[in-house]
Amino acid sequence: MNDANDITATAGTALARAQRILVFTGAGISTESGIPDFRGPNGVWRHRDPAHYTLQRYLADPDVRRERWQDRLEAARREHRPNDAHVAITQLQQAGRAPVVVTQNIDGPHQDAGTRNVIELHGTSREVGCLECGRRLPVDVVLDRVREGDSDPHCELCGGLLKTATISFGQNLIAADIEAAMHEADLCDACIAIGSTLSVWPAAGVPARAAHNGVPLVIVNDGATELDAVAEVVVSGRAGTIVPALVESIVAAG
Ligand code: NAD
């Protein structure tokens, strides 16, 4: 066995007896599906300025909104399939060991892989909401309007601004979602954090809470995280390779 296999086996041992594993994921789990993360070596922040992506700018500047809708159109042209890490998480759930997955991602491959009970702390890019009346629409309906030339679409009912149902910088999380995630952190008997720098708060407070409660925290990430010091095991490397091996060893342990 090489070092990576050794550490994955150690992580499997730490999780072998856990019956309610809280799976917490970040952008790094989706890079192998072709979706860039923010802070990894090929992350979006290497060539874009996060300050440009605040809710305040979106509200104030029609050009920012037009650019965002063009970004969404561009993203919709690419097909992103779940990768082996997403599939392995579904297998862990179907084995009865991970009833809830908490994700910071907005992309949807967990659900496409068949995972249920996904708490999307930062919302979803598959829906659009009216910032005035709260009406929700599938994103494709609004993208069709953008394709037809409506570059800054507004709500057809109340005239309010439309925005993908994601949490932007400067926007509060949905209280019920973060409360439900924290509740899971209190119920779980182990936690796996995958593909996240664990630097975005309050989301990172979920695995931090599990570790604080004294349950084993296993981190799988290709790079350092802010919670490495409180983890029981840190497995460095690609989620698409490590997570299937880890899940296989957990399920085999029964
Ligand atoms: P992050 O960009 O801060 O960190 C991602 C981490 O994953 C990095 O350390 C990176 O090196 C690592 N990584 C990249 N590929 C990996 C792989 N194949 N296997 C293992 N690790 C890998 O991401 P974050 O911590 O999730 O926080 C960023 C915020 O970005 C979140 O709030 C999220 O909403 C948002 N985001 C989401 C998506 C998405 O939905 N897919 C994409 C980009 C950003």
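Remarks
Yes or no, residue by residue, for (1) within 21 Å of the chain's Cα centre (by Cα); (2) without any contact (Cβ under 8 Å) to a residue 24 or more places away in the chain; (3) within 14 Å of the ligand (Cβ to nearest atom):
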{"position": "A14", "(1), (2), (3)": "no, no, no"}
{"position": "N42", "(1), (2), (3)": "yes, yes, yes"}
{"position": "R46", "(1), (2), (3)": "yes, yes, yes"}
{"position": "D61", "(1), (2), (3)": "no, yes, no"}
{"position": "R65", "(1), (2), (3)": "no, no, no"}
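- Some residue of the range 185-193 being at pLDDT 95 or above, open to solvent by less than 20 Å² (accessible area, probe 1.4 Å) and more than 24 Å from R17 (Cα to Cα): no
- Taking the range 78-93 as the range and being outside any helix (DSSP H, G or I) and either open to solvent by 80 Å² or more (accessible area, probe 1.4 Å) or more than 30 Å from T241 (Cβ to Cβ) (or both) as the test, the residues that pass are R78, E79, R81.
Residue-wise test of (1) away from the ligand (no atom under 15 Å from the Cβ); (2) within 17 Å of A98 (Cβ to Cβ); (3) surrounded by 22 or more Cβ atoms within 10 Å (Cβ to Cβ); (4) assigned by TED's automatic domain parsing to the domain that holds A18.
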{"residue": "V220", "(1), (2), (3), (4)": "no, yes, yes, yes"}
{"residue": "A224", "(1), (2), (3), (4)": "no, no, no, yes"}
{"residue": "G237", "(1), (2), (3), (4)": "no, no, no, yes"}
{"residue": "A253", "(1), (2), (3), (4)": "yes, yes, no, yes"}
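- Considering only residues in the range 87-125 that are hydrophobic (A, V, I, L, M, F, W, C) and within 11 Å of the ligand (Cβ to nearest atom), the one that is nearest to D186 (Cα to Cα) turns out to be L121.
- Test result for V233, closer than 24 Å to N83 by Cβ, open to solvent by 10 Å² or more (accessible area, probe 1.4 Å), aliphatic (A, V, I, L, M) and away from the ligand (no atom under 13 Å from the Cβ): yes
- Counting the residues of the range 184-213 that are farther than 17 Å from L15 by Cβ and in contact with a Lys or Arg (Cβ under 6 Å, 6 or more places away or on another chain) gives 1.
- Residues of the range 16-40 classified as within 6 Å of the ligand (Cβ to nearest atom), modelled with pLDDT under 95 and of a type in the set (A, V, I, L, M, F, W, C), total: 2
The values are calculated or read from the model by the stated rules, or taken from the named source; none is laboratory data. Computed from a predicted model, the values in this text were never measured in an experiment. Please note: Cβ atoms are built from the backbone with ideal geometry, for glycine as well, and neighbour counts cover all protein chains shown. Just the protein is used for accessible areas: all its heavy atoms, side chains included, with ligands, DNA and RNA removed. Shrake-Rupley method; radii C 1.70, N 1.55, O 1.52, S 1.80 Å.
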